[in-house]
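Remarks on the structure that follows.
Bear in mind that the values in this text are calculations on the coordinates, not laboratory data. Everything numeric in this text was worked out from a predicted model, so none of it was measured. Here the Cβ positions follow ideal geometry from the backbone for every residue, glycine too, while neighbour counts run over all protein chains shown.
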Amino acid sequence: MDERLKKEWESCVKCGLCRSVCPVFKELRQEPFVARGHISLLSEFIKGNFDFDSEKSKDYLYKCLLCTTCVEACPNDSGTDTIVEIARRRIVELHGLPLYKKVMAKILLNRNLMDLSALSANLLSVFLFNKNTNTSRQSNSLKIKLPFVDKDRLLPPLAPKTFYHKYESYGKNAKISIFPGCLINYTYVKIGDAFINILHKLNISYLIEKKASCCGAPIYFSGNFDDAKILAKRNIDLFYNQDIDYLVVLEPTCASMMKFDYPKLFMYFDDEEYIKKATEFAEKIIDPVKYLYDNTDIKDRLKDTGLTVTYHDPCHLKRTQKVKNEPRDLIKHAAKFKEMKEADRCCGNGGTFSIDYRDLSLKIASRKINNILNSKAQVLVTGCSACIMQLSEALHIAGHDEIKTLHTLELIDKSLGG
Ligand code: SF4
Ligand code: SF4
C-alpha cells in the first residue's frame, strides 16, 4: 500500500464528529456503518486481525454513499472515503463482484456495447416501461421485473439520440472540451442541450471528443480498481495532449472521479507515470456552472424567470469540487431563491447504493423532501442528474409531482430565453 494513502487515516483521533453528520449512521445508528467504524475495521485488517470475509462485513462497507460528508467534517483530514474504497477493493478480491456489477463493468468498458444496449432499451421501451408515469421529471416504472432493479423504481427514459450522436465540435480555436457523462449522454440529454444552447448564446467554441470513455466511477466505487484503471488511462490518453484550458465535465460525480480519484487510483497501482499525468489532467477539469461563472458575463445576462426555486447541493459538487456559491448567485439572478434547510445533505442516491439498498436510499431522500416542501419553492434546482433522478422519484412517492426538478444549466438556459 502506498504510504501517501496510509497516512490519510492514521490521523483518526476517534472524536466521533463523523457520526453527527453521516446520513447512513443517522438511519442505522451503528458504529460499523460510519467512518470511525470503517477506520477501525481497516486498521484491524492491516494488522492482520480481521478480514472482510463475512456477508456482514461486506454490508458495513457497501452501506456507504461515498457522499464525503464525513471527509468534510473530519477535523484531522482522515481520508474516510479512501478507507471505504480500499476496503471495497479487498472485498472484491475475496468475494468477486455481484453479477450485475460484472455485467455493468463489461458494458461500461465498451462504448459500442453501451450505445447498442441503450439503443436496444430505447427500441424496446414500449415493452419495458409504463409510459407517462406522472413525476416531477419525466420518468417511468418498469412493466416487467428485471434482475436487481425494483419493479416500482422510476427510471428516466433513454433518449432516442445520445448527446454524442447529437452534437459535433463547434467553432474555431476552441479552448474547452465537453465531457457529458453517461447519464447525460444516454438519458438526460436535455441537460446537455441546455449547456450547448448557453455556449451558442455566448458564442463560445467547444470540442466534443466522441471517443471518450465512461469516467469509471460506478466501477471504481464498487471496488473494481482494475477495470476503473483501464477507463482512467483511456480518458487521460485522449485528453492529456488536447490544447484546451478546460475539460468541462457536466456530471459532478464524473468530474470528481477524474479530478480527485484518478490520481489516487494510480497510487494504488504505484504507477508513477500516470499519477503525474492524472494530477496534471485534474487541473483542467471544471464543472459547467463554475466555468460559466468564472469565465463569462453570464450573470449580467440572466433575466427573471418568475419561478420560485430552492437548491440542493450535490455532494460531488459542493464537497469535493467546492462549488457552492456560484450556482446560488446565478439562481438569484434568474429566479426567486428560497434556501432550504440542510441543502447539502446527501439525497441518498449514491449510484449503485440506490439499487443495493433501495429502502435505505429512499428513507434518506425523504428527509430531503421534507426540507424541499418546507422551503415553499415550486422548483427544485440542482447540478447533478443522479440527484434529479433520485429526488424526482422521491417527490413522486411523497405525492408532490407538482414540484418540478431542473438542472442549474436548464434554469440558466430558460433565463436566457430558452
Ligand atoms: S471525524 Fe475524523 S478523526 Fe473524528 S472519528 Fe471521524 S474519522 Fe476519526
Ligand atoms: S461517505 Fe457519507 S455515507 Fe459514507 S461514512 Fe461518510 S458520511 Fe457516511
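Structure data summary
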read-out: Residue-averaged [θ]222 nm for the chain, counting only DSSP H segments that reach four residues, each worth -39500 (n - 2.57); value: -14500 deg cm²/dmol
read-out: Per-pair calculated FRET efficiency, R0 = 51 Å: Glu273 and Cys15 via Cβ, rounded to 0.05; value: 0.85
read-out: DSSP-assigned coil residues among GluC sites (Glu not before Pro) in the range 334-418, each with at most 13 further Cβ atoms within 10 Å; value: Glu339, Glu342, Glu402
read-out: Counting DSSP beta bridges with both ends in the chain, the antiparallel % (nearest 5); value: 20 percent
read-out: Most mobile listed residue (Ser43, Ser177, Ser213) in the chain, GNM with C-alpha springs under 10 Å; value: Ser43
read-out: Placed amide H near Phe129: partners under 5 Å, 5+ positions off or other chain; value: Lys143
read-out: ³J(HN,Hα) computed for each position of the range 17-29 - Karplus, 6.51 cos²θ - 1.76 cosθ + 1.60, integer Hz, glycine/proline x; value: 4, 4, 5, 7, 10, 5, x, 6, 4, 4, 8, 9, 6
read-out: Extension gain (nm, one decimal) between Leu116 and Asp59, 0.36 nm per residue minus Cα-Cα; value: 17.2 nm
read-out: Of Met340, Met104, Met258, the one that fluctuates the most in a GNM where the chain has Cα springs shorter than 10 Å; value: Met104
read-out: Convex hull projection area averaged over all views, the range 227-376, Cα basis, nm²; value: 10.6 nm²
read-out: Cα pair distances exceeding 29 angstrom across the chain, given as percent; value: 44 percent
read-out: D (Stokes-Einstein, µm²/s), Kirkwood Cα radius, the range 299-415, 0.890 mPa s at 25 °C; value: 173 µm²/s
read-out: Estimated distance in nm for a label pair at Lys210 and Asp51, the labels positioned 7 Å out from Cα along Cα-to-Cβ; value: 4.9 nm
read-out: Long-range HN-HN contacts of Asn140 with modeled amide H, under 5 Å; value: Leu155
read-out: Above-threshold pairs, the threshold being 30 Å between Cα atoms, out of Lys56/Lys322; Lys58/Lys166; Lys318/Lys376; value: Lys56/Lys322; Lys58/Lys166
read-out: Translational diffusion of the range 3-95, µm² s⁻¹ [Kirkwood Rh, Cα pairs; Stokes-Einstein; 4 °C; 1.567 mPa s]; value: 99 µm²/s
read-out: Separation in nanometres of the label points that stand 7 Å from Cα toward Cβ, at Lys376 and Asn295; value: 4.0 nm
read-out: Top of Leu250, Leu17, Leu231 by mean-square fluctuation, Gaussian network on the chain, Cα under 10 Å; value: Leu17
read-out: Förster-model FRET efficiency, 51 Å R0, Ser40 and Lys172, C-beta, rounded to 0.05; value: 0.35
read-out: Sparsely packed trypsin sites (Lys or Arg not before Pro) within the range 361-417, loop by DSSP, other Cβ within 10 Å at most 15; value: Lys376
read-out: Glu283-Arg328 FRET efficiency (beta carbon distance; Förster radius 25 Å; 0.05 resolution); value: 0.50
read-out: Spatially proximal aspartates and glutamates relative to Lys210 (Cα-Cα < 13 Å; intrachain offsets below 8 disregarded); value: Asp115, Glu168
